[in-house]
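None of the figures in this text is laboratory data; all of them are computed from the coordinates on show. Worth saying up front: this structure is predicted, and the values here are computed from it rather than measured. Here the Cβ is made from the backbone with ideal geometry for all residues, glycine too, and neighbour counts use every protein chain on show.
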Amino acid sequence: MDTPYPDGRWAGADVWTTVDALRTWLDDNRAHDGREGLLLRVLKLSEEVGEVAQAVIGATGQNPRKGVDHTWEDVQAELCDVVVTALVALRTLTPDAPAVFARHLARVADRSLGDGDVGDRPT
């Protein structure tokens, strides 16, 4: 089932089609290119992970000065930002990002879940 984005524009779009469109947009609007641009794109992940941490701290009220200033929905959104940023960085490194990711995911699943089709496992 497709979950539309608020404006519906990317509803139903393939993940990798969207990732590639984002990569192209970033490439067309970057301040730095070459190796420096690539490194900065990868470093963006650290910023996004920090925002996840900030949201978790805010959702649990761990900062007594701020109290509860985030929700678990904020944490979800920040985690999605990490995933999108990582996929865009991977696509920047290789045009074969979908295959690279699929192979890696399969290795992680085999290592963690054992051999076999994950779809055959009971939930």
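Here are the numbers for the structure shown:
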quantity: Long-range neighbours under 9 Å by Cβ, at least six apart or interchain, first residue in contact (Cβ under 8 Å) with a residue 60 or more places away in the chain within segment 68-86, second of a type in the set (A, V, I, L, M, F, W, C); calculated: 84/19; 84/22
quantity: Number of the condition not met by residue 30 [criteria: (1) more than 16 Å from the chain's Cα centre (by Cα); (2) farther than 24 Å from residue 9 by Cβ]; calculated: (2)
quantity: Among residues of segment 103-116, those that are outside any loop (DSSP other than H, G, I, E, B) and surrounded by fewer than 12 Cβ atoms within 10 Å (Cβ to Cβ), counted; calculated: 9
quantity: Meets criteria (free of Cβ contacts under 8 Å to residues at least 60 places away in the same chain, closer than 23 Å to residue 15 by Cβ, surrounded by fewer than 17 Cβ atoms within 10 Å (Cβ to Cβ) and not acidic (Asp, Glu)) for residue 93; calculated: yes
quantity: Of all residues making up segment 24-51, the number that are of a type in the set (S, T, N, Q) and on the phi > 0 side of the Ramachandran plot; calculated: 0
quantity: Filter result (in contact with a helix residue (DSSP H, G or I) (Cβ under 7 Å, 6 or more places away or on another chain) and within 17 Å of residue 90 (Cβ to Cβ)) within segment 31-47; calculated: 38, 41, 42, 44, 45
